[in-house]
Amino acid sequence: MPEPQRTSVMDAAGVERALDQMARDIVQRAGGADGLVLVGIHRRGVQLADLIAARIRVGGSTGLETGSLDITLYRDDLMVVGPRPVVGRTVLPDMGIDGRVVAIVDDVLYTGRTVRAALDELADFGRPRRTLLAVLVDRGGRELPIHADVVGTRVEVPEGGRVEVMVPEIDGRLGVERVEAA
């Protein structure tokens, strides 16, 4: 079987620039960083949320908090995953999310099903004043009426293709690639 064709969408410097802009956009849409909660979706959304939070904190914000969501048990395809899915931890701020602005952060927005699961899980923990969605890559192809408020870049992906986001903690480097079947 031939190797899939990989095309760089963003190198490390491009991702850094996109994260800088995303941090500014999130703070603007949230009306400031005080009381803002960035919640990354496992796996790579958590690392991206941390990178964005670091940028916001450089701006002097001390009221920003972060967390993570593991949506495994909220997936609508849980039966396809298997009888014993691996469930990670959901971690939210001690002060909770009620009445706060929560920005959900993910790596790639595609069908919208991951975000729907994240919204369902978040609702089990409280009622934010406002919920924003920030994604590094929007690749289109929605199956649900979900859109991102903050987007790093948009990528056209041919049928059967995918987008891979790499983060140093998991992949050893920062970048985004479009992967097409050979």
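The values are calculated or read from the model by the stated rules, or taken from the named source; none is laboratory data. All values derive from a computational prediction rather than experimental measurement. In this analysis, Cβ positions are derived from the backbone assuming ideal geometry, glycine residues included, and neighbour counts consider all displayed protein chains.
Of (1) farther than 24 Å from Val91 by Cα; (2) in contact with a helix residue (DSSP H, G or I) (Cβ under 7 Å, 6 or more places away or on another chain), Met22 satisfies all except one. Which? Unmet for Met22, out of (1) farther than 24 Å from Val91 by Cα; (2) in contact with a helix residue (DSSP H, G or I) (Cβ under 7 Å, 6 or more places away or on another chain): (1).
Among the conditions (1) at pLDDT 95 or above; (2) more than 30 Å from Val87 (Cβ to Cβ); (3) β-branched (Val, Ile, Thr), Ile41 misses just one, which is (2). Scanning the range 111-127 for residues that are surrounded by 21 or more Cβ atoms within 10 Å (Cβ to Cβ) and either assigned to a loop (DSSP other than H, G, I, E, B) or at positive phi (or both) returns no hits. Among the residues making up the range 36-50, those that are surrounded by 23 or more Cβ atoms within 10 Å (Cβ to Cβ) and part of a helix (DSSP H, G or I) are Gly45, Val46, Leu48, Ala49.
Inside the range 88-124, residues that are out of contact with any helix residue (DSSP H, G or I) (no Cβ under 8 Å at 6 or more places or on another chain) and under 20 Å from Ile26 (Cβ atoms) make up a count of 14. Let me spell it out: the conditions are (1) among the aliphatic types (A, V, I, L, M); (2) surrounded by 13 or more Cβ atoms within 10 Å (Cβ to Cβ); (3) part of a helix (DSSP H, G or I); (4) over 15 Å from the mean Cα position of the chain (by Cα), and Ala13 meets all of them except one. Which number is the exception? It is condition (2) that Ala13 fails. Taking residues in the range 86-99 that are in a loop (DSSP other than H, G, I, E, B), and partners anywhere that are basic (Lys, Arg), the pairs with Cβ atoms closer than 8 Å and at least 6 places apart or on different chains are Ile97/Arg127; Asp98/Arg127; Gly99/Arg127; Gly99/Arg129. Taking the range 1-40 as the range and being touching a residue at least 24 places away in the same chain (Cβ under 8 Å) and within 12 Å of Leu132 (Cβ to Cβ) as the test, the residues that pass are Met22, Asp25, Ile26, Val27, Arg29, Ala30, Gly31, Leu36, Val37, Leu38, Val39.
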